[in-house]
1. Hey, any hits in segment 255-271 for a residue that's part of a helix (DSSP H, G or I), buried (at least 16 other Cβ atoms within 10 Å of the Cβ) and either modelled with pLDDT of 95 or more or touching an Asp or Glu at 6+ places or on another chain (Cβ under 9 Å) (or both)?
2. Out of everything in segment 96-154 that is assigned to a loop (DSSP other than H, G, I, E, B) and of a type in the set (G, A, S), what residue ends up being surrounded by the most Cβ atoms within 10 Å (Cβ to Cβ)?
3. If you check G86 against the conditions, is it open to solvent by less than 60 Å² (accessible area, probe 1.4 Å), on the phi > 0 side of the Ramachandran plot and modelled with pLDDT of 90 or more?
4. Would you check which residues across segment 430-450 are more than 12 Å from the chain's Cα centre (by Cα) and open to solvent by less than 10 Å² (accessible area, probe 1.4 Å) and list them?
5. Report, by residue number, each residue of segment 190-222 that is in a loop (DSSP other than H, G, I, E, B), open to solvent by 30 Å² or more (accessible area, probe 1.4 Å) and at pLDDT 95 or above.
6. Among the strands (runs of 3 or more DSSP E) confined wholly to segment 322-388, which include 1 or more residues that are over 26 Å from P298 (Cα atoms) and either of a type in the set (A, V, I, L, M, F, W, C) or open to solvent by 70 Å² or more (accessible area, probe 1.4 Å) (or both)?
7. Checking A157 against (1) without any contact (Cβ under 8 Å) to a residue 60 or more places away in the chain; (2) buried (at least 19 other Cβ atoms within 10 Å of the Cβ); (3) among the hydrophobic types (A, V, I, L, M, F, W, C): exactly one of these is not met. Which one?
8. Can you pull out every residue in segment 294-320 that is loosely packed, with under 14 Cβ neighbours inside 10 Å and of a type in the set (D, E, K, R)?
Amino acid sequence: MLRVLTRQYPGWCRIITAVLMILEFSLCGVDLPAAQKARRSKATVKQATKQVKRTARRRRVRRSRPARPFAITSLTPIKDSLIGQGARYIEYRTNGRTPIVVHALLVDRSIPGNALRLVKAEDHTFGLERLGEMAQRFSSTSRHTVYGLVNGNFWRAVRNTLIGPCVIDGEVVEMNSYKKWSSAFFDVRSGMTIDTFTISGMVQIGGRQMPISTVNHRDDQGVVVYNSYAGNTVPYVSPKQIERAYQEAIKDTVFIEQDSTEAALTQDVLRQEIARARRERDAEYPMLKIRVRYLRSPSVNVPIPCEVLSADTATVTMPIRGAVVSVPRSTFFGGEIPKIGDTVMLLYRTNIAPQTPFMNAVCGTPRLVRKGSAKHEALLEGSTGQRFISHALARCAVGTDSTGSRLMLVAVPADRPERKTVGATLQQMSQIMALLGCRDALNLDGGGSAGMVVGDDHVFFEGVDPLTRRVGLGIGLVKLSKILRGGIR
């Protein structure tokens, strides 16, 4: 009925509707223009609120949306290069509409001279260095042939210290473990064992045994052992810190000609004074520092006898092929401070395979392959981040085959839309490592830190390598320059 009236008398219907609205607002005590504005304002705010919520929801979904999972069932080789005896570099593509690019370095360690080595950035516990620079420096100083290098341990920002255990050529660079993360430990023949390793340390001075609290940096008032990776002095002051402080201090030297002092304030003297002031305010400065020289090559799970060279407070130099054992001076109240020529014993022991002498160790998370089973263990190791686990990211990993003779370094670059390729989730990385023949494999630091250098070439890029992120540790497969009996350098 209403539709018929509206069609026949459209003008009258509009007039009646307007009159009814005026009566409605008049009875309510509200004037028409104000009511219309209120309704329009409420409608506008409501519509804008809905739009903001929709936009936020879209952004939230876009940021947290994991990569579309697809199983990696095959690897197709694109490049295959023989780069040394028993050493190959192969680039693969996975199955799928948007494949994953896989760079793999495979080395047979049973061939004499083929081995694994770790490279600490700038040869310092706080150092950071790009992979290409790291490989070139290590190759020139060690004279080993570097087949390839990927980044190793995760590391902390600001302090730049490595996360989890790290051992290089028998010397412990970082001792303390993190959560339940896994580590790969390598024996004297580069045989790899992956497990939830922890390292404990002990120093024996005279008849007293004391636990080692940390290595190469002080976190408390316990015993700290510093080795060559801590710098050439203890306490150590970074030249970069000195230079920054020097640039600030040099601003005041414009008045130097008006000074009445007899000492000439040269640039070198100013830098020395800055370094001295920094050391003296360090918590390490008042500790008793026992300088020792190794009487045998260091390794984990083997006692290391050391000869005492000196014992002093303040600042001491790092001995060649030795260490500095730092203890609170109160430790020797009522006791005798070690003398020159005395013997101090150092011992680092692992909770797993404590009878195996380990020479190198790298920490990562999570374990990707266990006894041939391609299933990552992120949740077991304490990692719950959705992005870290389920997003397609750049990744790096290390693994070994069922015989233990083949070592593999693997790197997956990030998404490349122009090439229609993507990164890998942790589960996809597990499948990739299993397809490569790994019986055991460990995930290493990835994301923006991921990379692989083969020879002088960063395989992620074509032509000139761009400036990549500096990382704390490189794990490399090398050809040793000198092979002694037993395959040890």
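The values are calculated or read from the model by the stated rules, or taken from the named source; none is laboratory data. Note that the coordinates shown come from a computational prediction; the quantities given were computed from them, not determined experimentally. Because the Cβ atoms are built from the backbone with ideal geometry, glycine has one as well, and the counts that use them run over all protein chains shown. Only protein heavy atoms, including side chains, enter the accessible area calculation; ligands, DNA and RNA are left aside. Shrake-Rupley method; radii C 1.70, N 1.55, O 1.52, S 1.80 Å.
1. yes
2. Ranking the qualifying residues of segment 96-154, first place goes to G152.
3. Yes.
4. S430, I432, M433, C438, A441, L442
5. Scanning segment 190-222 gives T196, T198.
6. 367-370
7. (2)
8. R296, D312
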